[in-house]
């Protein structure tokens with residue numbers, strides 16, 4: 001009798017387990033699998049419905065997936081508050097990826113009040129389960145001092161832990177720390193190794209960094225390879241440098257059309273250098289038909305970002321009346337802005353403005369001051385202008401020795417007309433004056449090369 005009763009109890013328990021297991025599969029796990037299938041097919045509404053059913057039955061992975069979709073607006077309106085609720089439910093069941101996700105929400109203040117300490121708590125829990133992204137975010141926290149004192153050694157530790165499990169963002173950061181010597185001694189070989197690992201996984205910042213390093217080393221073939229990969233992913237810095245390579249023929253055939261293509265892509269991403277370069281190509285008619293209004297447009301866009309060479313370019317367009325009505329006063333405003341940033345070309349044009357009285361009262365002494373500043377920065381046009389000033393005695397006594405010195409420097413800087421001017425005044429100088437001028441010019445030029 002007792003044996004029969006025991007058998008019946010065991011049979012009943014098995015039946016209950018079978019029923020419960022069947023119910024779990026039908027009501028929870030099957031909808032979850034259907035949700036995965038729909039998500040992979042980009043059928044987000046169906047995925048949401050299935051995840052919701054499984055999530056309501058307290059299935060942690062479904063809760064996280066549902067929160068992730070709501071957070072990113074897949075198949076529904078973005079709602080960080082609702083997303084936070086579902087991700088939190090999954091995290092409280094100990095799902096590592098959900099703990100990382102919850103940590104990110106706390107770290108960014110997305111769907112919840114920003115709380116770095118809560119973020120650290122959840123990242124640390126996920127880290128105990130070897131969740132790579134959690135380790136990466138802990139590295140970020142210590143690197144940038146988010147809720148804790150900045151600590152490069154701790155940042156290096158967490159980035160390395162994450163990088164070793166294949167997290168590309170951590171691999172890039174680790175490479176950067178090796179390059180900068182933060183939290184570890186500088187090790188360029190290790191830097192390149194980790195950059196390459198990240199780049200091979202498609203990390204666009206690592207690809208650009210590799211390209212830039214190779215470019216600076218004059219290794220243009222690998223530079224082009226990595227910059228192209230990064231540029232195709234929309235990295236504006238890589239697009240700009242590719243444009244430079246094609247504009248100057250660095251490791252590739254010089255091709256202004258390709259330069260124009262890459263500068264335009266980066267310019268549309270608001271890269272100020274590329275906006276200037278694009279304006280310059282329009283201005284010169286290289287790789288595209290000359291178009292002064294378009295040059296003006298792109299110079300203005302870059303100047304709005306305080307791009308110094310674009311500010312200077314606008315000044316020159318107004319000074320010369322190229323594509324706009326000539327306006328010396330407006331040009332002066334741009335030149336003064338550029339001169340404040342110590343741009344030699346701006347000093348030169350301010351010198352011209354005061355020399356000729358363009359937009360200001362004529363003043364040779366101020367003109368000479370600006371020409372000297374530009375000439376000291378190896379501006380050949382200002383060096384020539386000073387030569388002319390000393391030859392003619394405008395604002396200073398005539399001094400052929402000084403004139404010869406400045407003409408010599410301008411000639412060495414590549415200004416052809418300086419050679420002719422120098423030859424003309426040499427015939428008017430004594431042997432002693434000529435020797436003194438020649439020796440002084442050589443000395444000044446040698447000092448400029450050293451600097």
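Nothing in this text is a laboratory measurement; each read-out follows from the coordinates by a stated rule. Not measured: the values here are computed from a predicted model. Cβ sites come from the backbone with ideal geometry, for glycine too, and all protein chains shown count toward neighbours.
Peptides 207-219, 72-84 ranked from most to least packed give 207-219, 72-84, packing being the mean of other C-beta atoms within 10 angstrom over each peptide's residues. Every pair of different Cα atoms in the range 238-317 enters the Kirkwood calculation, which places the hydrodynamic radius at 12.0 Å. Each residue in 33, 296, 66, 117 was given a count of other beta-carbon atoms within 10 angstrom of its own, and listing them fewest first yields 117, 33, 296, 66. The convex hull around the C-alpha trace of the range 149-197, projected and averaged over every direction, spans 2.9 square nanometres. Here the Debye sum runs over all C-alpha atoms of the range 35-129 as equal scatterers in vacuum, and log10 of I(q)/I(0) at q = 0.12 Å⁻¹ comes out as -0.34. Axis angle, to the nearest 10 degrees, between helix 116-128 and the longest C-alpha principal axis of the chain: 60 degrees. Panel order for 160, 436, 422, by other beta carbons found within 10 Å of each beta carbon, from fewest to most: 436, 160, 422.
With coordinates expressed along the principal axes, the C-alpha atoms belonging to the range 264-303 extend over 22, 17, 11 Å, beginning with the largest.
Computed from Cα atoms, the angle from the helix 188-200 axis to the main principal axis of the chain rounds to 60 degrees. Expressed per residue, the C-alpha convex hull volume of the range 172-256 stands at 79 Å³. Rg over Rh for the range 378-451 works out to 0.95, using Cα positions for both radii and the Kirkwood form for Rh. Two numbers describe the Cα atoms of the chain: Rg and Dmax, which are 33.9, 138 Å. For the range 124-216, the Cα gyration tensor yields ellipsoid semi-axes of 22, 15, 10 Å (square root of five times each eigenvalue, largest first, whole Å). Using only Cα atoms, find the angle between the long axis of helix 60-72 and the longest principal axis of the chain, and express it within 0 to 90 degrees, rounded to the nearest 10. For 60-72 against the chain, the angle is about 30 degrees.
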